[in-house]
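Structure, as structure tokens:
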Amino acid sequence: ATLAKSLRVDQRTGKASAVATKVCRVTKRHYRDILELARHTYNGEDYIHEAFDKWTDSSGKNYFVGIEGEHGEIVACENLAALDQGKTAWMEGLRVHPDYRGKGLASQLEGHLVRYAEGTGKGVEHG
């Protein structure tokens, strides 16, 4: 897991403050959290719950990460898939729970995945 900082805006005062967030690998135990994210995307007709088993398998073709909320639940996620026999990294499935949007979590995930891909020598494509 990687600790990073994100911004949290106090709805009452409008002031932003840095919040430590934890990027972690999404595993089978996070399935309910991913279902909750999917429920809030595309009017509940999101596809990521269908991709979940593929993205969390042990083939090494996917690097599915999330950001944990205050109670350890996944509040944001994105997958990095290896394409072209591992030469290209494709980012897909970026989701942020509505209660956590506007806090920089998407940027944090994107940055984490780009650094990870660059560390493996893959070119990065966004989907």
For this session: Within region 87-119, count every residue that is assigned to a helix (DSSP H, G or I) and in contact with a helix residue (DSSP H, G or I) (Cβ under 8 Å, 6 or more places away or on another chain).
Result: 0
Seminar exercise, completed: Sole miss for THR21 among (1) at pLDDT below 95; (2) open to solvent by 20 Å² or more (accessible area, probe 1.4 Å); (3) among the polar types (S, T, N, Q); (4) touching a Ser or Thr at 6+ places or on another chain (Cβ under 8 Å) is condition (2)
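Being part of a strand (DSSP E or B) and out of contact with any Ser or Thr (no Cβ under 9 Å at 6 or more places or on another chain) is true for just one of GLU78, GLU70. Which residue is that? Write out each step before concluding.
Values: GLU70 fails: part of a strand (DSSP E or B).
Only one candidate passes the filter, namely GLU78.
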For this session: Tally the residues that are under 15 Å from the mean Cα position of the chain (by Cα) and either assigned to a loop (DSSP other than H, G, I, E, B) or more than 23 Å from TYR100 (Cα to Cα) (or both), restricting the search to region 56-67.
Result: 2
Seminar exercise, completed: Considering residues that are open to solvent by 30 Å² or more (accessible area, probe 1.4 Å) and farther than 17 Å from GLY111 by Cα, the number found within region 57-69 is 5
For this session: Please enumerate the residues belonging to region 37-56 that are open to solvent by 60 Å² or more (accessible area, probe 1.4 Å) and out of contact with any helix residue (DSSP H, G or I) (no Cβ under 7 Å at 6 or more places or on another chain).
Result: ARG39, TYR42, ASN43, GLU45, TYR47, GLU50, ASP53, LYS54
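Residue by residue through region 102-120, note down the ones that are open to solvent by 50 Å² or more (accessible area, probe 1.4 Å) and acidic (Asp, Glu).
Looking only at region 102-120, we keep the residues that are open to solvent by 50 Å² or more (accessible area, probe 1.4 Å), and these are 102, 107, 115-116, 118-120.
Across region 102-120, the qualifying residue is only GLU118.
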Problem set entry | Flag for GLY72 being without any contact (Cβ under 8 Å) to a residue 24 or more places away in the chain and either open to solvent by less than 40 Å² (accessible area, probe 1.4 Å) or touching a helix residue (DSSP H, G or I) at 6+ places or on another chain (Cβ under 8 Å) (or both) | yes
For this session: Provide a single number: the residues in region 27-36 that are within 28 Å of THR88 (Cα to Cα), surrounded by fewer than 18 Cβ atoms within 10 Å (Cβ to Cβ) and touching a residue at least 24 places away in the same chain (Cβ under 8 Å).
Result: 2
Exercise. Applying the selection to region 81-95, what residues are touching a residue at least 40 places away in the same chain (Cβ under 8 Å) and open to solvent by less than 30 Å² (accessible area, probe 1.4 Å)?
Worked result: GLY93, ARG95
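The values are calculated or read from the model by the stated rules, or taken from the named source; none is laboratory data. Because the structure is a prediction, the values reported are computed rather than measured. Neighbour counts run over all protein chains shown; Cβ positions are idealised from the backbone, glycine included. The area values use the complete protein model at the heavy-atom level, side chains included, leaving out ligands, DNA and RNA. Shrake-Rupley method; radii C 1.70, N 1.55, O 1.52, S 1.80 Å.
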